[in-house]
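Student: Starting off with a structure, shown below.
The values are calculated or read from the model by the stated rules, or taken from the named source; none is laboratory data. Note that the structure is predicted; figures quoted are calculated from it, not measured. Methodologically, a virtual Cβ is constructed for each residue, glycine included, from the backbone with ideal geometry; neighbour enumeration extends over all protein chains shown.
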Amino acid sequence: MSEKVILVVLDGLSYSVAHQCMGYLNGLIKADSATLYQLECELPSMSRPLYECILTGIPPVKSGIVNNEIVRLSHFDSIFSLARLAGKTTAAAAYYWVSELYNRAPFVATRDRFTHDELLTIQHGCFYQIDSYPDDHLLLDAEYLRSQFNPDFLLIHPMNIDDTGHKFGFDSPQYRNAARHADIILSNYIPTWIEQGYQILVTSDHGMNNDRSHGGTLPEECLVPLFVIGSKFAHQPCDIQQTDICGTVCRLLGIDPLDKPVCDALLQGDA
Ligand SMILES: [Zn+2]
């Protein structure tokens with residue numbers, strides 16, 4: 001069974017909008033090919049702190065990445081570093097803050113925009129710096145990384161849903177349509193990923209509020225989706241925390257999660 005994992009983090013996507021607007025992903029659920037869970041994100045409900053949370057299993061108040069302006073490398077093992085330790089290949093098509101957390105900080109676009117270095121934590125990367133970088137271009141970047149470098153772990157991190165939420169707010173047609181658009185883009189790739197045996201997780205760092213921001217404890221900014229697709233998932237009801245994602249992905253990759261929490265109930269018994 002394949003141990004390759006694709007983690008899609010759709011930045012700024014609220015649970016309710018994922019549940020109501022993403023017809024392709026919900027169609028996979030109807031066809032018994034996916035399961036949707038609701039996660040409550042850690043606090044503050046902000047991007048850089050929660051990239052760190054998702055990728056290391058450490059909540060912001062413990063990681064020290066407590067706001068978006070903290071520009072430094074992570075102090076903790078991540079899915080990337082643990083995968084590298086096990087001799088696996090890592091890649092990311094993501095916002096530049098991910099490069100700053102795990103490869104090099106601060107980001108130097110002329111050096112880091114396209115990264116290929118076997119010795120780095122994220123060995124292969126396409127990193128973008130503008131929030132309006134089109135999601136469909138980002139998915140093409142990801143597919144380039146996947147097809148050219150065959151990574152064991154691939155992070156895909158589009159930003160347009162969050163960007164649209166900051167412009168129009170949570171309860172807006174534009175925000176909902178950005179989610180619908182991401183769902184359509186994903187529908188062009190997920191069938192191939194399933195066919196090739198990837199274990200796929202689609203989640204978000206945080207949601208969005210009607211003040212066109214996020215950071216606090218409102219349900220619309222804290223409740224986020226987790227869709228799981230693949231034969232190594234149990235596809236049964238369970239209670240999963242955002243801090244469990246890192247260790248659980250390690251388990252899917254067949255590597256030691258060390259002291260990271262794992263949501264065993266999310267996985268098949270033999271995963
Ligand atoms: Zn945001």
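Student: Of all residues in region 186-216, count the ones that are in contact (Cβ under 8 Å) with a residue 40 or more places away in the chain and away from the ligand (no atom under 16 Å from the Cβ).
Tutor: Of the residues in that region, 14 qualify.
Student: Just checking: which of the strands (runs of 3 or more DSSP E) contained wholly in region 64-162 hold 1 or more residues that are touching a helix residue (DSSP H, G or I) at 6+ places or on another chain (Cβ under 6 Å) and away from the ligand (no atom under 16 Å from the Cβ)?
Tutor: Counting at least 1 such residues, we get 90-95, 124-128, 153-156.
Student: Report yes if A271 is at pLDDT 95 or above and over 14 Å from the mean Cα position of the chain (by Cα), otherwise no.
Tutor: no
Student: Looking only at residues that are part of a helix (DSSP H, G or I) and under 22 Å from Y133 (Cβ atoms) in region 8-23, which one is farthest from the ligand (Cβ to nearest atom)?
Tutor: Taking the candidates together, the pick is C21.
Student: From (1) in contact (Cβ under 8 Å) with a residue 60 or more places away in the chain; (2) within 30 Å of R212 (Cβ to Cβ); (3) crowded, with 21+ Cβ neighbours inside 10 Å, pick out the condition that doesn't hold for Q20.
Tutor: Every condition holds for Q20 apart from (3).
Student: Any idea which residue in region 173-213 is surrounded by the fewest Cβ atoms within 10 Å (Cβ to Cβ), counting only those that are of a type in the set (A, V, I, L, M, F, W, C) and touching a helix residue (DSSP H, G or I) at 6+ places or on another chain (Cβ under 6 Å)?
Tutor: For region 173-213, the residue satisfying everything is I185.
Student: So which of D259, D183 is in a loop (DSSP other than H, G, I, E, B) and away from the ligand (no atom under 16 Å from the Cβ)?
Tutor: Only one candidate passes the filter, namely D259.
Student: Follow-up question, since we're still on this one. Are there any pairs, at least 6 apart or on different chains, whose C-beta atoms fall under 7 Å, with the first in region 109-136 and crowded, with 16+ Cβ neighbours inside 10 Å and aromatic (F, W, Y) and the second part of a helix (DSSP H, G or I) and at pLDDT 95 or above, and if so, which?
Tutor: F127/Y96; F127/V98; F127/S99; F127/D112; Y128/Y96; Y128/L138
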